[in-house]
Amino acid sequence: MVFRQKIFWRFLHQRNRVTLRQVSTASVVGEKVIAHISSKLTVQQALNQWAECFQVTGVSEPNLSSQHIIAHVLGHKTLNSLSKRGLTQVLSQPQVERIWKLCHKRLTRMPVQYVIEEWDFRDITLKMKPPVFIPRPETEELVSLVLADMEQRGGASRYPDTVDFLEVGCGSGAISLSLLQSQKQIRGMAIDQSAEAVALTRENAQSLGLHDRLTVSQVDVIKDADWLVKSCSRVGVLVSNPPYLFTEDLDSLAPEIQRYEDRAALDGGEQGMLVIDQILTLAPRLVTENG
């Protein structure tokens with residue numbers, strides 16, 4: 001670790017000509033660093049130098065991390081919209097300082113989704129906050145399967161006050177909000193045991209204008225099972241991306257996950273089936289006959 005820290009600071013001085021104040025080796029693992037970068041950097045130079053810096057210090061996906069952060073500072077989703085001329089533009093001092101601050105967060109192994117505080121999921125943009133679980137690309141495939149099933153069944157219920165789907169473990173709201181965005185007539189209920197997840201799902205629903213069709217509640221599917229069955233009307237679709245990892249495997253996960261994401265969103269118990277078994281047990285009491 002000390003060796004990596006020395007490489008990191010030597011790299012910054014040699015490549016970026018950085019003059020640092022109040023710098024200590026502890027800064028590498030999270031303390032605030034105040035930096036003045038004297039050299040004028042183009043977008044391409046910043047991309048290359050931060051990607052190299054991430055690689056040297058062991059950050060995963062160094063190129064993508066650099067691209068996402070710098071694109072965010074420039075006001076873009078990605079850098080694909082920039083021309084070659086755009087890549088040669090000189091960054092302003094505020095932009096350079098903003099990039100530094102965000103890249104420093106990434107150096108602590110904070111996931112890039114938390115660093116830029118947002119992430120695209122299918123056709124929606126979600127606000128991201130630690131420790132709420134970050135939706136993975138595979139979850140988009142799950143949404144596609146649910147939508148295909150809903151379309152086959154005819155979409156929304158004929159009864160306006162009926163909840164069409166229930167999501168167990170909503171996290172940031174990615175699944176529920178994507179379903180609502182795609183099917184304009186359906187309604188849903190989303191639950192999660194985490195207060196942070198419930199708050200973030202509500203915030204995302206509000207910002208997307210979908211809050212009037214989604215009920216979000218803090219419910220633990222294991223501890224609050226009886227309440228859930230009594231309170232939730234039967235639904236046509238029960239959807240979940242539950243925790244499935246063995247408890248013993250959690251300590252071997254990448255630093256990005258261990259340090260920042262909610263452990264409960266990953267811990268499936270001794271055999272990885274704790275939450276899954278509970279959902280399957282409750283399903284007959286939660287879904288309609290043809291659900």
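The values are calculated or read from the model by the stated rules, or taken from the named source; none is laboratory data. The structure displayed is predicted, hence computed values, not measured ones. Using ideal geometry, Cβ is built from the backbone for each residue, glycine included, and neighbour counts are taken over all protein chains shown.
Can you find a residue that is of a type in the set (A, V, I, L, M), within 13 Å of Cys170 (Cα to Cα) and outside the structural domain of Glu61 (by TED's automatic domain parsing) anywhere in region 230-243?
Within region 230-243, one or more residues are of a type in the set (A, V, I, L, M), within 13 Å of Cys170 (Cα to Cα) and outside the structural domain of Glu61 (by TED's automatic domain parsing).
With the requirement that a residue be touching a residue at least 24 places away in the same chain (Cβ under 8 Å) and surrounded by 15 or more Cβ atoms within 10 Å (Cβ to Cβ), what does region 62-86 give you?
Residues satisfying the conditions are Ser65, Ser66, His68, Ile69, Ile70, His72, Val73, Leu74, Leu79, Leu82.
What about Glu151, is it loosely packed, with under 15 Cβ neighbours inside 10 Å, in the same structural domain as Val275 (by TED's automatic domain parsing) and either in contact with a Leu (Cβ under 8 Å, 6 or more places away or on another chain) or in a helix (DSSP H, G or I) (or both)?
For Glu151, the condition - loosely packed, with under 15 Cβ neighbours inside 10 Å, in the same structural domain as Val275 (by TED's automatic domain parsing) and either in contact with a Leu (Cβ under 8 Å, 6 or more places away or on another chain) or in a helix (DSSP H, G or I) (or both) - is met.
Could you list, in sequence order, all residues of region 57-103 that are closer than 24 Å to Gln258 by Cβ and among the polar types (S, T, N, Q)?
If the condition is that a residue be closer than 24 Å to Gln258 by Cβ and among the polar types (S, T, N, Q), then Thr57, Ser60, Asn63, Ser65, Ser66 are the ones that fit.
With (1) under 28 Å from Arg259 (Cβ atoms); (2) not assigned by TED's automatic domain parsing to the domain that holds Leu179 as the list, and Phe133 as the residue in question, which single condition is left unmet?
Going through (1) under 28 Å from Arg259 (Cβ atoms); (2) not assigned by TED's automatic domain parsing to the domain that holds Leu179 one by one, Phe133 breaks only (2).
Going by what's in this entry, would Glu151 be described as at negative phi and at pLDDT 95 or above?
No.
Residue under question is Ile134, and the condition is that it be at pLDDT 95 or above, in contact with a Ser or Thr (Cβ under 9 Å, 6 or more places away or on another chain), buried (at least 22 other Cβ atoms within 10 Å of the Cβ) and of a type in the set (A, V, I, L, M, F, W, C); does it hold?
yes
Can you confirm whether region 192-206 contains a residue that is among the hydrophobic types (A, V, I, L, M, F, W, C), surrounded by fewer than 20 Cβ atoms within 10 Å (Cβ to Cβ), farther than 15 Å from Ala283 by Cα and under 19 Å from the mean Cα position of the chain (by Cα)?
Yes, because at least one residue in region 192-206 is among the hydrophobic types (A, V, I, L, M, F, W, C), surrounded by fewer than 20 Cβ atoms within 10 Å (Cβ to Cβ), farther than 15 Å from Ala283 by Cα and under 19 Å from the mean Cα position of the chain (by Cα).
Residue check: is Arg109 under 28 Å from Ile257 (Cβ atoms), within 15 Å of the chain's Cα centre (by Cα) and surrounded by fewer than 16 Cβ atoms within 10 Å (Cβ to Cβ)?
In short, no.
Name, by its number, the condition in (1) closer than 25 Å to Leu147 by Cα; (2) among the aliphatic types (A, V, I, L, M); (3) touching a residue at least 40 places away in the same chain (Cβ under 8 Å) that does not hold for Ala205.
Failing condition for Ala205: (3).
Among the polar types (S, T, N, Q), over 12 Å from the mean Cα position of the chain (by Cα) and over 15 Å from Arg202 (Cα atoms): does that describe Gln93?
Against the criterion (among the polar types (S, T, N, Q), over 12 Å from the mean Cα position of the chain (by Cα) and over 15 Å from Arg202 (Cα atoms)), Gln93 qualifies.
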